[in-house]
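Asker: Okay, here's the structure, questions in a sec.
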Amino acid sequence: MSCAVLDLSIAELVRRYPASRQLLAGHGITQFDDPETLATYGGLLKVRTLLKAQRIDEGAFCARLAAESTVVDGEPVPAVSTVPNLFALLPCPLKVPIEEAFAAFLQRLPADRRERLTFFIEGNANHQLDYADYADHFERLDEIPDIVITPGFNSFFHPHFVERFIRVGRFTSVSGYAGDRHLAPLGVIDPAGHYTMLAMNLLVPVVDRFRLGSRPVPRCWADLLDPQYRASIAIRGNSDGTFCETLLLAILKEFGPTGLEQLGRNVSYGWHPSQMAKTAGNGREEGPAISIMPLFFTTTIKNREQVEIVWPADGALVSPVTMLIKAEKRSELREVVDFLAGPEVARICAGALFPAVHPEVDNRLPDNATFKWIGWDYVTGHDLKTLIAQANEAFRRGFRRSAE
């Protein structure tokens with residue numbers, strides 16, 4: 001066996017070398033024991049990427065695999081395995097409708113084109129593995145799908161990926177759409193021509209009138225820093241102790257670390273938005289008076305008469321849904337790219353309250369709708385990985401105090 005296995009996907013490794021499961025488990029890598037995770041993310045990740053991310057010596061891994069394995073069916077290991085054409089990690093409300101639309105789109109392609117395409121469309125509620133985190137460990141272009149769609153500010157904006165693949169022009173934007181009259185002033189087009197914003201997840205405050213009591217309804221983002229809301233706010237929080245990067249970056253940009261500490265003192269709940277929606281207006285004393293949630297989740301609140309959905313005077317917060325396309329694949333995958341950036345997908349996004357930038361789509365926004373977007377200059381002009389870590393650290397300083 002040669003170290004050509006490094007260029008296999010995890011799924012292909014496990015199929016050809018059953019003993020690799022035990023070898024991976026010995027390094028604490030058990031996510032791929034789940035059949036669904038193996039079938040999706042296992043098809044995306046190369047062995048070399050996983051080993052690098054886990055700090056596992058490639059030579060030692062290959063040697064142990066050779067000593068312990070028998071190749072299934074005697075298949076030779078190719079020098080390079082297939083690179084998926086598309087990986088889309090989508091917000092939950094978009095996953096199923098876009099997956100269905102993409103399946104219908106494939107049926108319109110000639111059979112030979114359809115059969116050559118490999119793709120994975122996933123919802124970002126799958127917590128077995130965060131694929132976007134592996135962008136910090138990609139070294140070669142063939143470790144990355146030809147088209148990648150992801151939500152929010154993830155590792156595809158981090159310095160390692162940016163320096164190795166973005167600044168040198170390996171990915172290109174494909175849309176010159178500036179959005180409708182509401183979105184055009186934001187500057188949604190990446191001026192450097194690498195990222196394509198397809199749509200946006202909007203964050204807004206939702207107020208539980210009963211729990212808010214006599215305190216005023218916050219009308220702008222700065223209001224959330226007011227001490228009168230101490231320990232009264234819920235924002236998205238993850239099990240790893242990190243919080244909503246879209247909100248933290250917006251507060252950091254405008255109010256600095258001190259503003260983040262103030263926000264931390266006012267936040268008492270790090271919840272998933274579905275939990276916020278379920279709790280809002282339920283008439284119980286326990287729970288947040290103010291929840292910062294995606295606009296989509298406000299449609300799932302059952303006790304709507306007890307809550308107020310606030311569109312801040314300084315704008316709903318923008319979390320982008322972006323697409324990356326390898327420059328060398330733009331022509332070859334033209335039909336796929338045009339579909340993903342086209343009006344059909346845009347209408348699906350708009351219908352789920354994810355405003356799309358395609359000019360043919362009615363996002364059904366209020367006439368006076370405004371938005372708060374930190375901007376491409378801020379995103380690309382900073383070390384976003386470090387900035388998000390610093391933002392979480394400053395926020396947690398206040399968050400810990402709120403629990404004292």
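What follows draws every value from the coordinates through simple rules; no lab data is involved. None of these values were measured; they are calculated from a predicted model. Don't worry about glycine lacking a Cβ; one is built from the backbone with ideal geometry, like all the others, and counts go over all protein chains shown.
Asker: Given [x] 74, 50, 39; [y] 68, 54, 37; [z] 79, 54, 37, which label gives Cα extents along the principal axes in Å as computed from the coordinates?
Answerer: Evaluating Cα extents along the principal axes in Å on these atoms matches [x].
Asker: Next up: If the cut-off is a Cα-Cα distance under 19 Å, which lysines reach K52, setting aside same-chain residues fewer than 8 apart in sequence?
Answerer: K385
Asker: Work out the charge dipole of the chain with +1 on the Cβ of Lys and Arg and -1 on the Cβ of Asp and Glu about the Cα centre, then indicate which of I121, F243, T150 is farthest towards its positive end.
Answerer: Result: F243.
Asker: For the chain, modelled as a Gaussian network with Cα springs under 10 Å, which listed residue fluctuates most, V379, V267, V148?
Answerer: V379
Asker: Cross-link candidates for K95: which aspartates and glutamates have Cα within less than 17 Å, leaving aside residues fewer than 8 places away along the same chain?
Answerer: E36, E122, D130, E344
Asker: I've got another one for you. Taking every pair of distinct Cα atoms and averaging 1/r, then inverting, what Kirkwood hydrodynamic radius in Å comes out for segment 123-199?
Answerer: Computed over segment 123-199, the radius equals 13.9 Å.
Asker: Local charge sum around V47 (other residues, Cβ-Cβ under 9 Å, Lys/Arg +1, Asp/Glu -1)?
Answerer: Result for the local shell: -1.
Asker: Rounded, prolate or oblate: which fits segment 3-74 when a ≥ b ≥ c are the square roots of the eigenvalues of the alpha-carbon gyration tensor, with rounded for a/c under 1.5 and prolate only if a/b beats b/c?
Answerer: Taking the square roots of the gyration eigenvalues as a ≥ b ≥ c, segment 3-74 is rounded.
Asker: Right, here's the next one. Could you work out the relative contact order of segment 3-74, using alpha carbon pairs under 8 angstrom and six or more residues apart, expressed as a whole percent?
Answerer: Contact order relative to length: 49 percent.
Asker: Moving on to the next point. Near K302, which aspartates and glutamates are there with a Cα under 18 Å away, not counting those fewer than 8 places off in the same chain?
Answerer: Straight-distance partners of K302: D208, E285, E286.
Asker: Show that you can apply the helix-only estimate: for the chain, add -39,500 (n - 2.57) for every DSSP H stretch of four or more residues, divide by all residues, and state [θ] at 222 nm to the nearest 500.
Answerer: Taking each H run of at least 4 residues, the total per residue is -10000 deg cm²/dmol.
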